[in-house]
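*Asks:* Dropping the structure in here first, questions after.
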Amino acid sequence: MKRIKHLLGEAAYYIFILVVMAFFGLPLLWLVLTPFNARATLAVEIPQPFTLDNFQQVLNNTFAVRALVQNNMIIAVGAMLGVTLIATLSAYALSRARVPGSSQLTYILILFSSVVTGTAAMVPIFLIIFNLGLIDTYLGVIVVFIGGLLPAAIFIMRDFVEGIPRSYEESALVAGAAPSRVFLDVALPLIRPGMMVIAIWSFVQAWGSFLIPFILLRSPERMPASIAVYSFYTEAGTPNITLVAAYSLLYAIPVVILYLFVNWRYGFRFFGGIKR
Amino acid sequence: MSGIQLDRLSKHFGSVAAVDEVTLQIQDGEFFALLGPSGCGKTTTLRMIAGLEKATAGTIKIGDRDVTTLAPRERDIAMVFQDYALYPHMNLLDNIGYPLKVRGIPRAELQQRVTEAAQSLGIDHLLNRRPAQLSGGQQQRAAVARAIVHHAQVFLFDEPLSNLDAKLRVEARGFLKHLQRQVGVTTVYVTHDQAEAMALADHIAIMEQGKVVQMGPPLEVYHRPRTTFVASFLGSPPMNLLRGQLDLAARQVRVNNAAISLEQFRGWDRLVEHAQQNVNVVMGIRPEHLTIAQHEIPQSLTGEVYAIQPLGAESLVIVQIKGEPVSVRLFTDDTPQFSGRVWLAPDLQRVFFYHPDGELIA
Ligand SMILES: Nc1ncnc2c1ncn2[C@@H]1O[C@H](COP(=O)(O)OP(=O)(O)OP(=O)(O)O)[C@@H](O)[C@H]1O
Ligand SMILES: [Mg+2]
């Protein structure tokens, strides 16, 4: 009796897992399968007949291709570099320098992070960028992304740096290294896993964003992919499903590659060496 | 090589005086231990010598140089941290060679010197491993190797053995002392383990709440603790401390209704002086200076056997006298056979008397 009850429990558990997996997995499966299907469909099905025509058509759309390989890259890589660099340096300073009130500062930072990129801030952001003369430039978009992502990035990085014992750096100082050398030789390699997390996160945020470039950019040749995807809609506003799916798949690939690369090269882990 | 002088060195964290006017002379080439309970300011003192902590007041001299305001790298010191702080992203060769690398020593010479240092510590076969792939004892040796590799003027150790198990600790104690004698570098060693300090050091300083309360060769401090704090800190088990009252007329001390004659006590005059104000004293006697007997003996205290601990070459008998434990050390090969009521006679040449607030009287 108890055994049956146990089996039923197991079964219920696996059914629950299956449902959750299907909920998250099916859209992904649809995204992978539909671009190879000649027939437009919203169902998940084996492509029938199988075709690469959709990709052919997408690649012929120079506006959409430029959006992806040029505009999106410039914006996302720019935001990624800016956020990672500034967040690392400021988090390091906030964690290691004895500045009175630095912990309050970091808590104010999180507060700000939810405000700056929120929809409510769009008008002031537009006005600032307009007055800076950066409307319709990559730089304007990148600066807004950096400003918006930085507070959260600093906050996460500071926590990460805080988790690294100071004795690593202190032992390098005593060994005879100048502070800049200590940062490069010892601190930087130790916080690199944290930097990788911030880099990927900020890249993904900028890569997938719609609202900010939509507001700050004018010229079609600077629009990123999130906006260019509308070129696969008909005049009447109905999407060409197979083309949208093919373009979306191409749109998703760089993020996946970036993740795999970082995981292979650095790994999202922290190699301990301090005896606790 | 050079000695170290601390002159009224203080460190305040806000309103807390972590180190309070510490004055110390550490001789060239000696092994010096800073000993004290947790939070007494040992680490802070050491970190000020290293330059990792800024002194609030006072001066630090290494050799003839006043280094009080110098950066760590200008002090020519080496330090072993309690957690070893081996860089996890470098192998042992690069870890041990790091002090040489920052000094711009060419790679070939660096490798040779690292290998020499590693050989002297028996870890030269591990040089291409990362710290995470080493045992605790090997990591500890690697940290020491990194400290000796660049021939610094001063070695600083902050509880370098506290992460090792008891057996490794005794072993590491041996090689640290041997190594220090070999290289002859002035060494400051922080520990809260009195046995470690006694075993290693030429001189020890005992700290209490940021102040040095006594300094001297270990045996001198052990045999003549200047306060009850020092007495109760050194030795395992530490000195027995018993409250008593002086009786000047009878020339004796009463401890728990037992009266012990002080006819032959060396410091009677000072006790008389003390007793003019206050007849209360604390009597201190080391466990090895008590004689125990199953029958009544003259000049003795009496109590009940509480526990017997055979330790091999010696044994401890814990006797309860009016609820207070008193330890007796016996150097016998057999388990001592005591039970019930016993009598303890102190060796009057080895007894100390302290003021109730801790100061040594005689
Ligand atoms: N950075 C700091 N900020 C504030 N107080 C501190 C700081 N570092 C140490 N203290 C205080 O100074 C006192 C001495 O600390 P210290 O670390 O020197 O003690 P310790 O003798 O090394 O103790 P332990 O044996 O536990 O290591 C303690 O009361 C501690 O709380
Ligand atoms: Mg300490």
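The values are calculated or read from the model by the stated rules, or taken from the named source; none is laboratory data. This is a predicted model, so every value here is computed, not measured. Every residue, glycine as well, gets a Cβ built from its backbone with ideal geometry; the counts of neighbours run over all protein chains shown. Remember, those area values only see protein heavy atoms, side chains included, never the ligands or the DNA or RNA. Shrake-Rupley method; radii C 1.70, N 1.55, O 1.52, S 1.80 Å.
*Asks:* Going by accessible area, probe 1.4 Å, with all protein chains left in place, what is the ranking of B:Lys11, B:Lys211, largest first?
*Replies:* So, going from the largest accessible area down, we get B:Lys211, B:Lys11.
*Asks:* Another question about this same structure. For the full complex of protein chains and a 1.4 angstrom probe, list A:Tyr233, A:Tyr247 by accessible area with the highest value first. Please report the intermediate quantities before stating the final value.
*Replies:* Details: A:Tyr233 75, A:Tyr247 0 Å².
I get A:Tyr233, A:Tyr247, largest accessible area first.
*Asks:* To the nearest 500 deg cm²/dmol, what mean residue ellipticity at 222 nm is calculated for chain B from DSSP H runs of n ≥ 4 alone, each contributing -39,500 (n - 2.57), summed and divided by the residues? Write down the numbers at each step before the final one.
*Replies:* Values: 9 runs with 92 residues, N = 362.
Helix contribution divided over all residues of chain B: -7500 deg cm²/dmol.
*Asks:* Moving to a separate point now. Roughly what would the spin-label model give for B:Asp247 and B:Glu116, points 7 Å off Cα along C-beta, in nm?
*Replies:* A separation of 7.1 nm, rounded to one decimal place.
*Asks:* Whole percent per 20 Å bin, from 0 to the bin with the longest distance: what is P(r) over all C-alpha pairs of the protein assembly as shown?
*Replies:* Over the protein assembly as shown, the share of Cα pairs per 20 Å bin runs 15, 31, 27, 18, 8, 2 percent.
*Asks:* Let me ask something else. Can you give the longest stretch of chain B with no exposed loop site, where a site means GluC sites (Glu not before Pro) in a DSSP loop (not H, G, I, E or B) with at most 15 other C-beta atoms within 10 Å? Intermediate results must be reported in sequence, preceding the final value.
*Replies:* Numbers: sites that count: B:Glu263, B:Glu296, B:Glu314.
Answer - B:1-262.
*Asks:* Based solely on C-alpha atoms, express the radius of gyration and the Dmax of the stretch B:240-354 in angstrom.
*Replies:* 14.6, 47
*Asks:* Taking only protein heavy atoms into account and a 1.4 Å probe, give the accessible area per residue of the protein assembly as shown in Å². It would help to have the intermediate numbers written out before the result.
*Replies:* Values: 30940 Å² over 638 residues.
Ligands and nucleic acids excluded, the result is 49 Å² per residue.
*Asks:* Same structure again: Pop a pseudo-label 7 angstrom from the Cα along the beta-carbon direction at both A:Ile4 and A:Leu81 and give the gap in nm to one decimal.
*Replies:* If labels sit at A:Ile4 and A:Leu81, their model points lie 6.8 nm apart.
*Asks:* Of the candidates A:Gly176, A:Gly163, A:Gly133, which one comes out as most mobile in a Gaussian network treatment of chain A with C-alpha springs shorter than 10 Å?
*Replies:* Among A:Gly176, A:Gly163, A:Gly133, the largest GNM mean-square fluctuation belongs to A:Gly176.
*Asks:* Which one of A:Pro35, A:Ala206, A:Ala11 has its Cα pushed farthest toward the positive end of the charge dipole of chain A, where Lys and Arg give +1 and Asp and Glu give -1 at the Cβ?
*Replies:* Farthest towards the positive pole: A:Ala11.
*Asks:* So which trypsin sites (Lys or Arg not before Pro) in the stretch A:168-232 are both in a DSSP loop and have at most 12 other Cβ atoms within 10 Å of their Cβ? Intermediate results must be reported in sequence, preceding the final value.
*Replies:* Numbers: sites: A:Arg181, A:Arg218, A:Arg222; in loops: A:Arg218.
Hits after loop and neighbour filter: A:Arg218.
*Asks:* Hey, rough spin-label estimate for A:Leu139 and B:Glu296, points 7 angstrom out along Cα→Cβ, what's it come to in nanometres?
*Replies:* With each label placed 7 Å out from Cα toward Cβ, I get 10.3 nm.
*Asks:* Starting from the Cα gyration tensor of the stretch B:187-234, take the square roots of the eigenvalues, sort them a ≥ b ≥ c, and report rounded, prolate or oblate (rounded when a/c is under 1.5, otherwise prolate if a/b is larger than b/c, else oblate). Show your work: numbers first, answer last.
*Replies:* On the way: a/c = 1.55, a/b = 1.19, b/c = 1.30.
Note, shape of the stretch B:187-234 comes out oblate.
*Asks:* Let me cross-check A:Leu105: its accessible surface, 1.4 Å probe, with only protein heavy atoms counted, in Å² to the nearest 10?
*Replies:* For A:Leu105, solvent-accessible area is about 90 Å².
*Asks:* Let me ask something else about it. Report the trypsin sites (Lys or Arg not before Pro) located in the stretch B:230-315 that are in a DSSP loop and have at most 16 other Cβ atoms inside 10 Å of their Cβ, or state none. Working shown, then result.
*Replies:* Numbers: sites: B:Arg243, B:Arg251, B:Arg254, B:Arg266, B:Arg270; in loops: B:Arg251, B:Arg266.
Passing both the DSSP loop test and the Cβ count: B:Arg251, B:Arg266.
*Asks:* Sort A:Asp53, B:Asp124 from largest to smallest accessible area, using a 1.4 Å probe on the heavy atoms of the protein chains. Walk me through the numbers before you get to the answer.
*Replies:* Numbers: A:Asp53 100, B:Asp124 60 Å².
Heavy-atom accessible area, descending, gives A:Asp53, B:Asp124.
*Asks:* Next question, about the same structure. Looking at this model, which pairs from B:Lys61/B:Lys101; B:Lys11/B:Lys177; B:Lys42/B:Lys177; B:Lys54/B:Lys101; B:Lys54/B:Lys177 are more than 32 angstrom apart at the alpha-carbon? Working shown, then result.
*Replies:* Values: B:Lys61/B:Lys101 27 Å; B:Lys11/B:Lys177 30 Å; B:Lys42/B:Lys177 20 Å; B:Lys54/B:Lys101 27 Å; B:Lys54/B:Lys177 30 Å.
Violating the 32 Å limit, Cα to Cα: no pairs.
*Asks:* What are the trypsin sites (Lys or Arg not before Pro) within the stretch B:47-134 that DSSP puts in a loop, where the Cβ has at most 10 other Cβ atoms within 10 Å? Write down the numbers at each step before the final one.
*Replies:* Values: sites: B:Arg47, B:Lys54, B:Lys61, B:Arg65, B:Arg73, B:Arg75, B:Lys101, B:Arg103, B:Arg107, B:Arg113, B:Arg129; in loops: B:Lys54, B:Arg75, B:Arg103, B:Arg129.
Those that pass, being in a loop and sparsely packed, are B:Lys54.
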